[in-house]
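Asker: A single structure is presented below for examination.
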Amino acid sequence: MIRLALLRHGVTAWNRAHRIQGRSDIPLDAEGAGALAGLTLPEPWNRAELWSSPLLRACQSAELLTGQTPRTNEALIEMNWGAWEGLHGADLLADPESGFRDIENWGWDYRPPGGESPRDLWIRLEPWLARLTGDAVAVCHIGVMRILLARAHGWEFDGPAPFRVKRNRLFVLTFDGERLRPEGDPVRLVTREDAG
């Protein structure tokens, strides 16, 4: 049984502006980097294999938290939002012609113009997951986390999600080679002083 802890990257200027980032390689802003610099992974996650999306905001987050260079994998890149990257979700939602929908109305095959569906993202995540050989932390993106948490919870992107992705928390899943399952409540990151 492998345990996988998922962690969302720190805050970027596009997060603060509520712009859709997707695969756009936006770095952490100064405040986002500063907030992570005083935190670290709690026991036993500080000894787990460290993975990251290759996008800058995730790599920076992993390095700030651990002082280590993470292993990266393309599978952990954020969902491709195609023509909607850089735009504001609220503006798209207000335009009935855009096709933009809230997440609870997606289903697995909802696809932004020129982008990826949740099913596409799962198809690229599944082989990476199957190759894990021990407990791991993956510093990644909200879209990646939603896909893995949806699989673990049996959620079909149809109605309210049974989880809420928050920053500075590890969302722990177990994987037995076939099935993902959620494990307990999210685990908070700790301050460096508390980690001692």
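The values are calculated or read from the model by the stated rules, or taken from the named source; none is laboratory data. These figures come from a predicted structure and were not determined experimentally. As a convention, Cβ positions derive from the backbone with ideal geometry for all residues, glycine included, and neighbour counts pool all protein chains shown. Keep in mind that these areas ignore ligands, DNA and RNA; they rest on the heavy atoms of the full protein, side chains included. Shrake-Rupley method; radii C 1.70, N 1.55, O 1.52, S 1.80 Å.
Asker: Over the chain, what percent of the accessible surface lies on carbon and sulfur atoms, probe 1.4 Å?
Answerer: On the chain, the fraction of accessible area on carbon and sulfur atoms equals 48 percent.
Asker: What is the sum of charges, Lys and Arg at +1 and Asp and Glu at -1, for the other residues whose Cβ falls under 13 Å from the Cβ of Ile77?
Answerer: Neighbour charge sum, excluding Ile77 itself: -3.
Asker: Next question. Leaving out ligands and nucleic acids, and using a 1.4 Å probe, what accessible area per residue does the stretch 115-196 come to in Å²?
Answerer: Roughly 49 Å² per residue, with all protein chains present.
Asker: Could you work out the relative contact order of the chain, using alpha carbon pairs under 8 angstrom and six or more residues apart, expressed as a whole percent?
Answerer: Relative contact order, the chain: 32 percent.
Asker: Also, quick follow-up: At a Förster radius of 25 Å, what calculated FRET efficiency corresponds to the Cβ-Cβ distance of Trp108 and Thr174, to the nearest 0.05?
Answerer: Result of the calculation: an efficiency of 0.70.
Asker: Counting each DSSP H run of 4 or more residues in the chain as -39500 (n - 2.57), what helix-only mean residue ellipticity at 222 nm follows after dividing by all residues, to the nearest 500 deg cm²/dmol?
Answerer: So the calculated ellipticity at 222 nm is -8000 deg cm²/dmol.
Asker: Of (1) 9, 36, 37, 15, 2, 0; (2) 9, 33, 40, 16, 2; (3) 8, 27, 27, 15, 15, 7, 1, which is the value of P(r) over Cα pairs in 10 Å bins from 0, in percent derived from the coordinates here?
Answerer: Looking at P(r) over Cα pairs in 10 Å bins from 0, in percent for this model, the match is (1).
Asker: A further question on this structure: When ligands, DNA and RNA are left out and all protein chains stay put, how many square angstrom of accessible area per residue does the stretch 1-110 have with a 1.4 Å probe?
Answerer: Per residue, the stretch 1-110 has 46 Å² of solvent-accessible surface.
Asker: Would you kindly derive the ³J(HN,Hα) couplings of the stretch 32-47 from the backbone phi angles with the Karplus curve 6.51 cos²θ - 1.76 cosθ + 1.60 (θ = phi - 60°), listing them in order in whole Hz, with x for Gly and Pro?
Answerer: Along the stretch 32-47, the couplings run x, 5, x, 5, 7, 4, x, 10, 8, 6, x, 5, x, 5, 6, 10 Hz.
Asker: I've got another one for you. Under 8 Å for C-alpha pairs, at least 6 residues apart: give me the relative contact order for the stretch 40-156, rounded to a whole percent.
Answerer: Reported as a whole number, the value is 34 percent.
Asker: Further question on the same structure: For the stretch 1-29 and the stretch 165-190, what is the separation of their Cα centres, given in Å?
Answerer: So the separation of the two Cα centres works out to 17 Å.
Asker: When Lys and Arg each count +1 and Asp and Glu each count -1, what net charge do the other residues less than 15 Å away from Gln68, Cβ to Cβ, add up to?
Answerer: +1
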